[in-house]
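Input: a single structure, listed below in structure tokens.
No lab work stands behind these numbers, since they all come straight from the coordinates. Remember, it's a predicted structure, so these values are computed and weren't measured experimentally. A quick note on method: Cβ atoms are made from the backbone with ideal geometry, for glycine too, and the neighbour counts reach across all protein chains shown.
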Amino acid sequence: MYKDEITFDKLPQAITYLTEQVAELKQLVSVLQPPPSEKHVLVGIDDACRIIQKAKPTVYALVRKGMLPSFKKGKQLYFYEDELLAWIENGRRSTTEQNYDRMLTAMQKGIRHKPKSGFNL
């Protein structure tokens, strides 16, 4: 740490020290920041149709119903590619194993036992 009083003679050393500190801070900040998503790209209606593999009228209907995440600027519709992929992922059907586990858990929660009586026979 640079604790000396900064004088005109010590100015080059102080600047060198500060430059090194700034470089180190930049490196620390870059490590802490998540990498920018390459899929967070703004796309138009044609690309959205290609990504979710639906026809234009279907995409317009999904947007109108509020089911598909979109942005409207003027008369243009825009979509983020990663949001479209997440929308597809959220609509994924469960596998039979996941359905079985869910059903088994629900059944186990619903099992009721007879209360024990106070009489020992």
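Among the residues making up the range 70-80, those that are in contact with a strand residue (DSSP E or B) (Cβ under 8 Å, 6 or more places away or on another chain) and either loosely packed, with under 10 Cβ neighbours inside 10 Å or within 10 Å of Ala48 (Cβ to Cβ) (or both) are Ser70, Lys72, Leu77, Tyr78, Phe79, Tyr80.
How many residues does the range 40-58 hold that are in contact with a strand residue (DSSP E or B) (Cβ under 8 Å, 6 or more places away or on another chain) and outside any loop (DSSP other than H, G, I, E, B)? Explain how you work it out, then say what you get.
Filtering the range 40-58 down to residues in contact with a strand residue (DSSP E or B) (Cβ under 8 Å, 6 or more places away or on another chain) leaves 40-45, 47-48, 51.
Keeping just the survivors that are outside any loop (DSSP other than H, G, I, E, B) gives 42-43, 45, 47-48, 51.
Of the residues in the range 40-58, 6 are in contact with a strand residue (DSSP E or B) (Cβ under 8 Å, 6 or more places away or on another chain) and outside any loop (DSSP other than H, G, I, E, B).
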